[in-house]
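Visitor: Before we start, here is the structure in question, set down as structure tokens.
The values are calculated or read from the model by the stated rules, or taken from the named source; none is laboratory data. Since we're looking at a predicted model, the values are computed, not measured. Here the Cβ positions follow ideal geometry from the backbone for every residue, glycine too, while neighbour counts run over all protein chains shown. Surface areas here come from the heavy atoms of the whole protein model, side chains and all, with no ligands, DNA or RNA. Shrake-Rupley method; radii C 1.70, N 1.55, O 1.52, S 1.80 Å.
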Amino acid sequence: MQSTTNDVSKAAALLREGQLVAFPTETVYGLGGNALSDAAVAAIYAAKGRPQFNPLIVHVYSIEEAQRYAVFNTLAQQLAQHFWPGPMTLVLPRTANCPLSLLVSAGMDTVAIRVPAHPLAQALLNETALPIAAPSANRSGRVSPTEATHVEDELGGRLAMILNGGPCSVGIESTVIDATGDTPAILRPGSITAKDIAAMLPHMPYAVIRHPSSAVQSPGQLASHYAPSTPVRLNATSVVADEVLLAFGGTVPRGAKQVLNLSESGDLKEAAANLFRMLRALDAVGASAIAVMPIPEDEDANALGHAINDRLKRAATRE
Ligand code: TXA
Ligand code: MG
């Protein structure tokens, strides 16, 4: 059942008491706690089973509020004005007397911050009047939750409350951008692409928008961050016995135990929204592997394919 205004008030009160509440955003569900409280942030790490060196995203209601916690240069201001509220996180220097818990930054002098677009997330932020630290509401190393039941399955016993906003419309996590310098660097690809950013920064050559390949700058980008239990086999054009298939497009190889199609019409937006739900469902079948059909990717027409393939590569990586 979808949550009501009453539920939002209850969730806001719980957050103010230092408890943890899961809530929907347009990207994925977040595991929220008061970002001003070291104890609440520590409880988030404990609930996720997350390594402490992995910093969290702070969610705020408005750009004005974000400016109390982070230093915005011209670039950061342009990005925030254009893309907030929305699926974009900015990594920025913490302000001089930043009241945010130091734990959210995991010891760094920067903070990752965003204004989410989901109405329930906005209602919650408005009502608590607190910055909310929230990683994706999954146990560490598992795929991100895009429905309230996913959160309930993995973290139910560890949370004071889960707000239900139905399935997330974007389905993959926000684009993380390092905006501490004069040029943006994409630390984690997402539905806002380098092409989208270049389109609103006409003075900035497209080539200048960096895609750092190393995982070092965004510690959450551990190679196997999104792993299902079942092995994942990428770029499958045929299926072997006992495999399940994550398909894409209208022409699907035969022989899989079960097939789920990210998008029969080949729509990458639809595929992103379905990705984590379908990975979870196929993981639950107990097959020898999840075969995944190729997802088209190029910088222009299929820029979102890059973000989807980023998640799939992580799902296929074993540590
Ligand atoms: O869509 C999203 O971003 C979701 C929803 C709930 O907002 N949140 C999310 O949080 O995906 P999480 O904690 O699972 O991922 C946060 C990402 C990680 O890759 C982390 O390394 C990066 O943001 N990050 C956080 N703070 C950072 C910082 N100060 N510098 C560089 N990267 C940072
Ligand atoms: Mg995550």
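Visitor: Return the whole-Å distance between the Cα centroid of region 91-117 and the Cα centroid of region 225-256.
Guide: Distance between centres, Cα-based: 39 Å.
Visitor: Wrap a convex hull around the Cα atoms of region 60-114, take a quarter of its surface area, and give that in square nanometres.
Guide: Reported value for the Cα convex hull: 3.5 nm².
Visitor: Can I ask one more? If the cut-off is 17 Å between C-alpha atoms, which lysines fall inside it for K257, apart from same-chain ones fewer than 8 positions away?
Guide: Output for K257: empty list, no partners.
Visitor: With the full set of protein chains in place, find how many percent of the accessible area of the chain is carbon and sulfur; take the probe as 1.4 Å.
Guide: Carbon and sulfur together cover 52 percent of it.
Visitor: Among K195, K269, what's the order by accessible area (1.4 angstrom probe), most exposed first?
Guide: K269, K195
Visitor: When ligands, DNA and RNA are left out and all protein chains stay put, how many square angstrom of accessible area per residue does the chain have with a 1.4 Å probe?
Guide: 40 Å²
Visitor: Could I get the Rg over Rh figure for the chain? Both from C-alpha atoms, Rh via Kirkwood, rounded to two places.
Guide: The Rg/Rh ratio comes out at 0.96.
Visitor: Continuing with the same structure: Under the definition of Cα pairs under 8 Å and six or more residues apart, what whole-number percent is the relative contact order of the chain?
Guide: Computed value for the chain: 19 percent relative contact order.
Visitor: Given 0.36 nm per residue, what is the gain on full extension from A96 to D153 after removing their alpha carbon distance, in nm?
Guide: My answer for the length gained is 16.5 nm.
Visitor: Based on Cβ point charges of +1 for Lys and Arg and -1 for Asp and Glu, what charge dipole magnitude is obtained for the chain about its Cα centre, in debye rounded to the nearest 20?
Guide: Approximately 560 debye in magnitude.
Visitor: Leaving out ligands, DNA and RNA but keeping every protein chain, what accessible area does T4 have, in Å² rounded to the nearest 10, with a 1.4 Å probe?
Guide: Rounded to the nearest 10, the figure is 70 Å².
Visitor: log10 I(q)/I(0), Debye, Cα-only region 62-158, no solvent, q = 0.19 Å⁻¹?
Guide: The computed values of log10 I(q)/I(0) come out as -1.05.
Visitor: A further question on this structure: At a threshold of 8 angstrom on Cα-Cα distance, excluding pairs fewer than six apart, so keeping six or more, what relative contact order does region 39-119 reach in percent?
Guide: Computed value for region 39-119: 43 percent relative contact order.
Visitor: Over region 1-136, what relative contact order in percent results from Cα pairs under 8 Å that are six or more residues apart?
Guide: 37 percent
Visitor: Give the long-range amide H neighbours of L187: residues separated by 5 or more places, or on another chain, with amide H under 5 Å away, using H modelled in the peptide plane at 1.01 Å from N.
Guide: So L187 has HN proximity to V176, I177, D178.
Visitor: Is it possible to state the helix-based mean residue ellipticity at 222 nm for the chain, with each DSSP H run of 4+ residues giving -39500 (n - 2.57), the sum divided by total residues, to the nearest 500 deg cm²/dmol? What is it?
Guide: It comes out at -9000 deg cm²/dmol, rounded to the nearest 500.
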